[in-house]
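Structure, as structure tokens:
The values are calculated or read from the model by the stated rules, or taken from the named source; none is laboratory data. What you see is a predicted model, and the numbers here were worked out from it, not measured in a lab. Cβ atoms come from the backbone with ideal geometry, glycine included; neighbour counts cover every protein chain shown. The area values use the complete protein model at the heavy-atom level, side chains included, leaving out ligands, DNA and RNA. Shrake-Rupley method; radii C 1.70, N 1.55, O 1.52, S 1.80 Å.
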Amino acid sequence: MKKFLDKLLPRYAYLAIFAVIAVNLIAYFGSKLFISNATWHSLAISGIDDKIPFVPQFIIIYVLSFVQWGAGFVLTARESKRFCYSIFSAEMIEKIICAICFIVFPTAIARPDVSGGGFWNFAVRFVYFFDTPAVNLFPSIHVAESWLCVRCAFKYTKVPKWYAALNAVFTVFVCASIVLVKQHFFIDIFGGIAVCELSLLLSKVFKGYRALDFIESKLLKQGDK
């Protein structure tokens with residue numbers, strides 16, 4: 001297992017990926033601890049959200065987005081240490097902003113009663129079961145993550161150019177999936193894109209990679225003692 005990980009990821013990426021996963025879990029699940037008794041808001045836009053149909057087949061895109069993110073994490077880590085730390089610091093800023101939004105302005109959506117038979121309805125019910133209740137909507141983490149994958153894909157130097165185009169097309173489908181399986185409102189798409197772009201900007205302006213550099217240096221010193 002260790003040999004496999006060493007081939008898959010450079011050593012400097014271990015800390016960054018661990019930090020990103022920790023911040024993601026804290027932001028998503030931790031924010032729910034503060035809003036259990038909150039007043040929920042709806043961001044449904046009349047004439048848009050009520051016109052979007054429920055298409056259970058798009059649940060496959062919704063689920064496959066996790067594969068896109070995983071591949072993005074690995075490729076970003078392999079690109080270079082500076083690039084890895086810059087992007088992953090933006091990723092953590094992104095989740096902190098999302099958590100603040102979830103707590104300050106909690107939103108919720110009424111999901112359809114999916115009681116029919118068939119594989120696709122079963123798949124939707126499966127996702128609904130593990131992602132309940134339908135809160136933490138604005139901004140959409142799904143869109144923010146996939147958009148970040150696209151932004152990174154166009155900067156990779158060690159990956160074929162077609163990968164970026166494929167990422168872009170898939171991300172369009174991810175944006176569609178979150179509303180077609182009734183996990184989000186239409187405006188959540190733009191919220192996800194905006195928070196991703198803001199996080200990349202803040203990471204660049206404040207040189208976010210330095211935080212991971214600093215932590216890594218401290219851990220290395222501790223390891224030498």
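Just to confirm, what accessible area per residue do you get for the chain at 1.4 Å probe, in whole Å²?
On the way: 12290 Å² over 225 residues.
Roughly 55 Å² per residue, with all protein chains present.
Specify the angular offset, from 0 to 90 degrees and rounded to the nearest 10, of the alpha carbon long axis of helix 161-180 from the longest principal axis of the alpha carbons in the chain.
Here the helix axis deviates by roughly 40 degrees.
Multiplying the sequence separation of L201 and K161 by 0.36 nm and subtracting their Cα-Cα distance, what value in nm do you get?
12.0 nm
Would you mind pulling out the separation of the Cα centroids of the range 158-195 and the range 45-115, in Å?
Answer, in whole Å: 8.
For K218, go through the lysines and keep the ones whose alpha-carbon is under 29 Å away, minus same-chain ones fewer than eight residues off.
K2, K3, K7, K81, K95, K204, K207
For the Cα atoms of the chain, what angle does the longest principal axis make with the long axis of helix 119-130, in degrees from 0 to 90, nearest 10?
60
Hull surface divided by four, with the convex hull built on the Cα atoms of the range 138-183: how many nm²?
Numbers: hull surface 12.3 nm².
Projected over every direction and averaged, the Cα hull of the range 138-183 covers 3.1 nm².
What are the semi-axes of the equivalent ellipsoid for the range 165-225, taken as the square roots of 5 times the Cα gyration tensor eigenvalues, largest first, in whole Å?
For the range 165-225, the semi-axes come out at 37, 14, 12 Å.
As a test question: what accessible area, to the nearest 10 Å², does W120 have when a 1.4 Å probe is rolled over all protein chains in place?
90
Can you tell me the 0 to 90 degree angle between the C-alpha axis of helix 209-224 and the longest principal axis of the chain, rounded to 10?
Relative to the chain, helix 209-224 is tipped by roughly 50 degrees.
What relative contact order, as a whole-number percentage, does the range 99-225 give when Cα pairs under 8 Å and 6 or more residues apart are counted?
Averaging sequence separation for qualifying contacts and normalising by length gives 28 percent for the range 99-225.
Distance in nm between label sites at S36 and V169, each 7 Å beyond Cα in the beta-carbon direction?
4.6
Can you divide the C-alpha Rg of the chain by 2.2 N^0.38 Å and report the result to two decimal places?
Relative to the rule-of-thumb radius for its length, the chain sits at 1.08.
Decide, for the range 111-219, between rounded, prolate and oblate: order the square roots of the alpha carbon gyration tensor eigenvalues as a ≥ b ≥ c, take rounded if a/c falls under 1.5, and otherwise choose prolate if a/b is larger than b/c, else oblate.
Judged from the Cα gyration tensor, the range 111-219 comes out prolate (a/c at least 1.5, a/b above b/c).
Considering Cα pairs under 8 angstrom that are at least six residues apart, work out the relative contact order of the chain and quote it in whole percent.
32
How large, in percent, is the carbon and sulfur part of the accessible surface of the chain at a probe radius of 1.4 Å?
Ligands and nucleic acids excluded, carbon and sulfur reach 73 percent.
Rounded to the nearest 20 Debye, what is the dipole magnitude of the chain about its Cα centre when Lys and Arg each give +1 and Asp and Glu each give -1 at the C-beta?
In debye, rounded to 20, the chain gives about 1000.
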